[in-house]
Amino acid sequence: MLDKYIKKLIQLVSFERDEEVKRMEWEIKNLSGFEREKKGRAILNLKPKVIGEELGMYLVKFGRNKLIETEIKVGDEVLINRDGKKIRDDFKGIVVEKGSRYLIVSIDKLLPKNFKEVRIDLYASDVTYKRQIENLENLPEKGKKVLHYILEDIKLEEIKDEDFVPFDENLNNSQKLAISKALSSETFFLIHGPFGTGKTRTLVEYILQEVKKGKKVLVTADSNMAVDNLVERLAGKVSHVRIGHPSRVSKNLISSTLASKIEEHKRYIELKTLNEKFSKLIEERENFQKPIQKWRRGLSDDEILKLSEKGKTVRGIPLKIIKDMAEWIALNRQIEEIKEKMEKLEEEISKEIIENSSVVFATNSSSYSEVLKNFEFDVVVVDEATQSTIPSVLIPLSKGRKFVLAGDHKQLPPTILSEKAKELSITLFEILIEKYPYMKELLNIQYRMNEKLMEFPNKEFYDGKLISGVGNITLKDLGFSGNDEITSSDNVLVFVDTKNEKERFEKQKKDSTSYYNKLEAEIVKKIVEKFLKLGLKKDFIGIITPYDDQVDLIKSFNLDVEVNTVDGFQGREKEVIIISFVRSNTKKELGFLTDLRRLNVSITRSKRKLICIGDSKTLENHETYKRFIEHIKNKGVYLSI
């Protein structure tokens, strides 16, 4: 049963990997640079400039005068090519910094001189998928144990509370209870943290408590951003190291990385000396003829060295070439020897750093790194566990005796591209919380949003178990009043209904699976312009819409506020959120709006004001949306235009 399930997981990961690579290759091959730039997956007309070196990598700044609007973000792998030339993948790098008119990319070799104007393309690397498959093919016993929790009904002992003295004196009761139970459990524990309930704060305290007990902890998440968030909160409090490519780590946390700690190590001087010798020998080797097939003519390295020593030639090879190749071979052997020494020394230093760290931070994928190969942990903590597929989360969990998962299965699941791999969107957290409800604790006080805004999602998605920790916070607290029903700071919840307008219907572009809605986009534009005219800071406003084409349409108005899809806003918040639902049709079809986790994420991003725009005739065809609109009619401000 277990072997069959593992084989199925490997198959699903293969489907997903093939789909991602296929989409990327198809796009790069079939879309022009301009079209890819429009989709946010390429940036054109960039001028490169080397601005320095960091931890053995070159830092290259790619800039242009025109504003850069792109999906490419810090930590992404990118291809760098000359504008207008056939795309090749010899030049890859990692984005380390992103500005409005530039990107800084970390690359391991310098670009050729003829790369005067370049384009950058988002690259789908399959390293993550390879690691997932390799881990599944050689799944350790600890990983198999996790799968037994899924495949069998294991009787687990009920968890008792464990007394502890908190480092953070401001924890609420539900946070303390979650930590207490997590400390007490000998198998696993689930921390269910809905929006704004202090999930990260709870995890930080839990990790500190385990370290206090002398435990060694591995802390992971699927995204670099989530890992860095925890590194930042714990950096000054515990001995730690952050595993992973330094270019993918927040700039202010570079000193936490393994690469940086190696440079600070007392034995680094040995490594540096070897490295200098290595570079000098490589430079020297350049002066001699490499033994390519044209000159080697079937001779082995040892035969070339003997011929050179005797001053003899053979097979019509000039003696100068023989001697040159012999020099090249001798230098190359020294280079290989030094390389081996460097690798051994770096391995020893790395091992010592990791052994002396109470907490090791990594993404799920980078916890498969060679440096962690022989390490085991007392506890593995995974944040954003509801964003991680089972094959992804199994990598870190295979290294620990016990694990703690934190997340919220009522929000968006992992994004899966392949239809054949859809099953991967069901997470370990989701399965375990349903099978073992006594192994979880809900964090029930939310500190993000106005109590009136919390009311509907609380009732609809969390059985009314959440309590407001902030009360009736409004824009008035920030010095903004507004001057009509929509902008008034007193009206925290507003629905603008387009049902009576002839021009309310959605449209589709040719060859697009997405939708846009001109009327809703225009309403969004007017509302934003009014807020800005009345003096609300642009950073306070966020626009969410489920469809990419609606995002593009609203962005074309250049409103200078953030516009993004629901997925793009997960884990984020703004003072004011404006939602455009888009769907409006005579068939009353809602498409993927019927995934109610999208609705939950959308309506829980706002802190002080939520404005929804949609066609109630279409939306009310679904019971939940119907209840939502009724709720606004009763508790908020309902406007029909």
Given contacts defined as C-alpha pairs under 8 Å and at least six residues apart, what's the relative contact order of the chain, whole-number percent? 13
Given a 1.4 Å probe, how much area per residue of segment 1-135 is accessible, in Å²? 56
Rounded to the nearest Å, what's the spacing between the alpha carbon centres of segment 473-511 and segment 50-119? Just the number, please. 40
Taking every DSSP beta bridge that has both residues in the chain, what percent is antiparallel when rounded to the nearest 5? 35
Could you tell me the center-to-center distance, by alpha carbons, between segment 579-641 and segment 154-215 in angstrom? 36
If you take the square roots of the eigenvalues of the alpha-carbon gyration tensor of segment 492-586 and sort them as a ≥ b ≥ c, do you get rounded (a/c under 1.5), prolate (a/b over b/c) or oblate? prolate
Stokes-Einstein translational diffusion, segment 446-502 - Kirkwood Rh over all Cα pairs, 1.567 mPa s, 4 °C, in µm²/s: 99
From the square roots a ≥ b ≥ c of the eigenvalues of the alpha-carbon gyration tensor of segment 126-180, which class results: rounded (a/c under 1.5), prolate (a/b over b/c), or oblate? oblate
Angle between the chain longest axis and helix 518-533 axis [Cα atoms, degrees, rounded to 10]: 90
Segment 407-546 shape via C-alpha gyration tensor axes, a/c threshold 1.5: oblate
Which values of log₁₀ I(q)/I(0), to two decimal places, follow from the Debye formula for segment 174-250 at q = 0.12 Å⁻¹ with a uniform point scatterer at every Cα? -0.36
Neighbour net charge for Glu376 - beta-carbon separation under 10 angstrom, K R +1, D E -1: +3
Orientation-averaged projected area, Cα convex hull of segment 383-423 (nm²): 3.3
Sulfur and carbon atoms: percent of accessible area, the chain [1.4 Å]: 47
Straight-line reach only, C-alpha to C-alpha below 19 angstrom: list the aspartates and glutamates that Lys587 could link to, leaving out same-chain residues fewer than 8 apart. Asp497, Glu501, Glu503, Glu506, Glu520, Asp595, Asp615, Glu620, Glu623
Measure of exposure for Tyr447: accessible area at 1.4 Å probe, Å² rounded to 10, is 100
Taking N as the number of residues in segment 1-54, what is its Cα Rg relative to 2.2 N^0.38 Å? 1.87
Using alpha carbons only, how many degrees (0 to 90, rounded to 10) separate the axis of helix 224-234 from the longest principal axis of the chain? 90
Using Stokes-Einstein with the Kirkwood hydrodynamic radius over Cα pairs, what translational diffusion coefficient do you get for segment 40-150 at 10 °C and a viscosity of 1.306 mPa s, in µm²/s rounded to a whole number? 101
Give the distance, in whole Å, between the Cα centre of segment 249-263 and the Cα centre of segment 410-466. 34
Which value, in Å², gives the accessible area per residue of segment 180-226 when a 1.4 Å probe is used on the protein heavy atoms? 28
Taking the structure as given and computing Rg and Dmax of the Cα atoms in Å, which label from (1) 31.3, 123; (2) 26.4, 98; (3) 28.5, 99 fits? (3)
For Asp490, the accessible surface traced by a 1.4 Å probe with all protein chains present amounts, in square angstrom to the nearest 10, to 100
Among all the lysines, which ones have a C-alpha under 18 Å from Lys113's C-alpha, if same-chain residues fewer than 8 places away are not counted? Lys47, Lys49, Lys61, Lys85, Lys86, Lys92
At 37 °C and 0.692 mPa s, grab the translational diffusion coefficient of segment 206-295 from Stokes-Einstein with a Kirkwood Rh over Cα pairs, rounded to a whole number in µm² per second. 200
Per residue, how much accessible surface does segment 451-550 expose to a 1.4 Å probe? Answer in Å², no decimals. 51
For Ser481, tell me the accessible area in Å² from a 1.4 Å probe, rounded to the nearest 10. 70
For Cys612, enumerate residues with amide H under 5 Å from its amide H, sequence gap 5+ or separate chain, H modeled in the peptide plane. Val494, Phe495, Val496, Ile579
Which entries in the list Lys39/Lys574; Lys251/Lys476; Lys410/Lys509 go over 27 Å, if you measure between the two C-alpha atoms of each? Lys251/Lys476; Lys410/Lys509
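The values are calculated or read from the model by the stated rules, or taken from the named source; none is laboratory data. Everything quoted here is computed from the prediction, not taken from an experiment. Cβ sites come from the backbone with ideal geometry, for glycine too, and all protein chains shown count toward neighbours. We work out accessible area using only protein heavy atoms, side chains counted, and drop any ligands, DNA or RNA first. Shrake-Rupley method; radii C 1.70, N 1.55, O 1.52, S 1.80 Å.
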